[in-house]
Amino acid sequence: MSSVAEARVATTKAAKYAAQLGKHWTHNLDVQEDGEARLVTFPHDARGANWKGDALVTLDPQGEELLIRIEASEDGQRDGLKDALERHIDRFAFREVPLSYNWRDVA
């Protein structure tokens, strides 16, 4: 993986949102559970794309924060996943929106 980004999202429902999003994506993606965390694999060819490799998204509840980590094969894949994650989480968190996603690139 060559393009990594993380965001810490303040919410009292971090575990709930990680579980909901993981369950939402189990119908068409590989979702693994690690305690309360969810690891979601986005195939390189998802939705007609042709990225260099698969992407891994980790949704890790940490108290009153949801740590989101994207490990993508390319910057464009990473940026598309940022947008997709924000839209999906905001749908589940409609009572709390707008949530703040302060993305940072990770070396």
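Just a few scattered comments:
- Subset of region 75-103 [in contact with a strand residue (DSSP E or B) (Cβ under 6 Å, 6 or more places away or on another chain) and of a type in the set (D, E, K, R)]: 75, 78
- Selection from region 81-98 of residues that are of a type in the set (A, V, I, L, M), at pLDDT below 95 and closer than 15 Å to residue 59 by Cα: 93
- The residues in region 44-55 that are closer than 18 Å to residue 88 by Cα and in contact with a strand residue (DSSP E or B) (Cβ under 8 Å, 6 or more places away or on another chain) can be counted, and the count is 1.
- Options 7, 72, 18; residue that is under 13 Å from residue 92 (Cβ atoms) and hydrophobic (A, V, I, L, M, F, W, C): 18
- Yes/no for residue 58 being surrounded by 16 or more Cβ atoms within 10 Å (Cβ to Cβ), more than 13 Å from residue 89 (Cβ to Cβ) and of a type outside the set (D, E, K, R): yes
- For region 65-90, residues that are in a helix (DSSP H, G or I), in contact (Cβ under 8 Å) with a residue 24 or more places away in the chain and closer than 23 Å to residue 10 by Cβ total 6.
- Complete set of residues in region 72-89 that are in contact with an Asp or Glu (Cβ under 9 Å, 6 or more places away or on another chain) and under 20 Å from residue 18 (Cβ atoms): 72, 78
The values are calculated or read from the model by the stated rules, or taken from the named source; none is laboratory data. These figures come from a predicted structure and were not determined experimentally. Because the Cβ atoms are built from the backbone with ideal geometry, glycine has one as well, and the counts that use them run over all protein chains shown.
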